[in-house]
1. Could you tell me whether the range 311-324 includes any residue that is of a type in the set (D, E), in a loop (DSSP other than H, G, I, E, B), surrounded by 24 or more Cβ atoms within 10 Å (Cβ to Cβ) and on the phi < 0 side of the Ramachandran plot?
2. Can you find a residue that is crowded, with 19+ Cβ neighbours inside 10 Å, in a loop (DSSP other than H, G, I, E, B) and touching a His at 6+ places or on another chain (Cβ under 8 Å) anywhere in the range 338-347?
3. Can you pull out the residues in the range 329-344 that are more than 25 Å from E201 (Cβ to Cβ), touching a residue at least 60 places away in the same chain (Cβ under 8 Å) and not small (G, A, S)?
4. If I filter the range 13-67 down to residues being within 30 Å of A404 (Cβ to Cβ), in a loop (DSSP other than H, G, I, E, B) and at pLDDT 95 or above, which single residue comes out as nearest to the chain's Cα centre (by Cα)?
5. Would you mind stating whether V377 is closer than 21 Å to P114 by Cβ, aliphatic (A, V, I, L, M), touching a strand residue (DSSP E or B) at 6+ places or on another chain (Cβ under 7 Å) and touching a residue at least 24 places away in the same chain (Cβ under 8 Å)?
6. Within the range 395-407, restricting attention to residues that are touching a residue at least 60 places away in the same chain (Cβ under 8 Å) and not hydroxyl-bearing (S, T, Y), which residue is surrounded by the most Cβ atoms within 10 Å (Cβ to Cβ)?
7. Given the conditions (1) touching a residue at least 12 places away in the same chain (Cβ under 8 Å); (2) more than 30 Å from V36 (Cβ to Cβ), and given that E301 satisfies all but one, which numbered condition is not satisfied?
8. Find all pairs meeting these conditions: Cβ atoms under 7 angstrom apart; at least six residues apart or on different chains; first residue within the range 229-252 and β-branched (V, I, T) and at pLDDT 90 or above; second residue in a loop (DSSP other than H, G, I, E, B) and buried (at least 17 other Cβ atoms within 10 Å of the Cβ).
Amino acid sequence: MSNLRPEPSEPVAAADQVTPARVHAAARPDKASPRVLRSILALDDFEAPARRYIPRPIFGYVSGGAETNASMRANRGSFDDFAFVPKALVDVSGRSQKTALFGRTYDAPFGIAPMGGTAMAAYQGDVVLARAAAQANVPMILSGASLTPLEQIAETNRNAWFQAYLPGEPGAITGLVERVARAGFDTLCVTVDVAVGANRENNVRTGFHTPLRPSLRLAWDGITRPRWLIGMLARTLLLHGMPYFENMGQRAPMLSSMANRDWRVRDQLSWQHIELIRRQWKGHLVLKGILASDDARIARESGVDGVIVSNHGGRQLDGAVAPLRVLPGIVAQAGGMTVMLDSGVRRGTDVLKALGLGARFVFVGRPMLYAAAIAGVPGVRHAINLLQEEIDRDMALLGITTLADMRPERLMNARSFDGFEASCVCP
């Protein structure tokens, strides 16, 4: 791992870009891909087949938010509040979406967000996401709540990031930071919006628990999902043995009648601990879960390299503001610090709206997990291709050739009227 931290992130200059294949219709998987992918034309289309494949408790855990799901709904709704202002008669034949981030150039301005329990829904789910991301040249963030040892993912994808859930205990922090460094990761992402566990009522209603508790209800849920039972659970146990939560405190099995996850006490984690991590960690340091602009200022002053504006996909504080709404204020406080965003991104237009409001990069979560569950690496590659091709098409229709051209003036309030004076009152 290099001790040097390159400049944060910039869109790649037009002269350095390679013109991608032009897109004229919705992306289609090749004939060798699983049949289930043939009818999937957008990221939202992955959810229905995933619901049929994944047992109800696990699907409920992945798909649900906290309490009333108000923040989940707000995440999607926030994108509808902005409209595009396209430029006409622009030569867009040389457009490209390549993006430089922390010293690496990626083929798209988005990556795969960290998601715990991926390997409960998809066979070798974390490995699948890592392989697909490496093939597509986009970043993937491994969750600290994953069932795959972080060392294995570092070997699978040398450009993967690691996301940590940390207690406010210097000894535990130092131990994990040293382990991540030994594995070869160069970007450490610390999640800061999990002081306590969220009130996820949907988990109770669907019978989800970590570790999964053996029960007649769980057995029935598995039996009624035979493809998951054979293709994921039986295959995993036969070829790899019982999966364990590997990267957060003491190891715990995926399935147990008695074991409990080692959550540690995280309500003591503070800026002092971030400064400790900054002194110990020589790679890129990112904080995930920032929503207050003043926190972005403190992060910058603490030597943090980047922040991910996020409300945890609506899974923590129900009613937390949608990240898109606070993005401009956070960008204003960021200075040279890289600002990224997740939570609710589903379309190429969503990506471009976030970039237009100042984000350098975005991350996508649930649809990538659904894609991994129903079709493995080909499924995730198809999801990535869909989003890349939407961005390419949308750039052409907007009249821009580089992502640097996606500036605030290409957006307007969807409920306002350009040139209409507020003082004008119509009869």
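1. no
2. Checked the range 338-347: at least one residue is crowded, with 19+ Cβ neighbours inside 10 Å, in a loop (DSSP other than H, G, I, E, B) and touching a His at 6+ places or on another chain (Cβ under 8 Å).
3. M337, T338
4. Here the answer is A42.
5. no
6. Among those that are touching a residue at least 60 places away in the same chain (Cβ under 8 Å) and not hydroxyl-bearing (S, T, Y), it is L403.
7. Result: E301 passes all but (1).
8. Hits for this filter: T236/Y123; T236/P243.
The values are calculated or read from the model by the stated rules, or taken from the named source; none is laboratory data. What you see is a predicted model, and the numbers here were worked out from it, not measured in a lab. As a convention, Cβ positions derive from the backbone with ideal geometry for all residues, glycine included, and neighbour counts pool all protein chains shown.
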